[in-house]
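The values are calculated or read from the model by the stated rules, or taken from the named source; none is laboratory data. These figures come from a predicted structure and were not determined experimentally. Because the Cβ atoms are built from the backbone with ideal geometry, glycine has one as well, and the counts that use them run over all protein chains shown.
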Amino acid sequence: MRTEDYIADNIIALCKKRDMSKYRLSQLTGISQSSIGKIIAKESLPTMPTVEKICDALGVTMAQFFAGMDVPVSLSESQQEVLNIWNNLDEKEQNVVIQMLGDFKNKGNSCNENVDCFFFFFMELGDYGD
């Protein structure tokens, strides 16, 4: 299999699995839609930094990406749900989520019950996004 075919096929498969459009992939990577289109159409071989940006946007490592079509990149249903939600957030919203998760992780260590942690998380939610 040609390298162009392999890369394009993996991108197509991962986008389909993550319900991600070429437009959204372009937004997340900063790579123009026309360049993404040429890569997917197997008209262009991307540089390694470009493949790395694509992998980051698709939520896979370079190792996972190049592991082979027969080695599935599997996510649990909850991981897939989080990734789908994440992919529909803009950069500011993603930064807010990262900050909330970091704070929740640090403060959540004192939570004894899941219910307490749940309420703590939503009480803290009001502190973000301003």
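Taken as a whole, the structure leaves Ser34 outside the set of residues that are surrounded by fewer than 17 Cβ atoms within 10 Å (Cβ to Cβ) and closer than 27 Å to Glu77 by Cβ. Scanning for something closer than 19 Å to Thr3 by Cβ, surrounded by fewer than 14 Cβ atoms within 10 Å (Cβ to Cβ) and either of a type in the set (D, E, K, R) or modelled with pLDDT of 85 or more (or both), does the stretch 63-70 turn up at least one residue? Yes, that holds for at least one residue. For first residues located in the stretch 1-26 and closer than 12 Å to Ile40 by Cα and of a type in the set (Asp, Glu), partners that are surrounded by 12 or more Cβ atoms within 10 Å (Cβ to Cβ) and at pLDDT 90 or above and lie 6+ apart or on another chain with Cβ distances below 6 Å form the pairs Glu4/Lys42; Glu4/Leu45; Asp5/Lys42.
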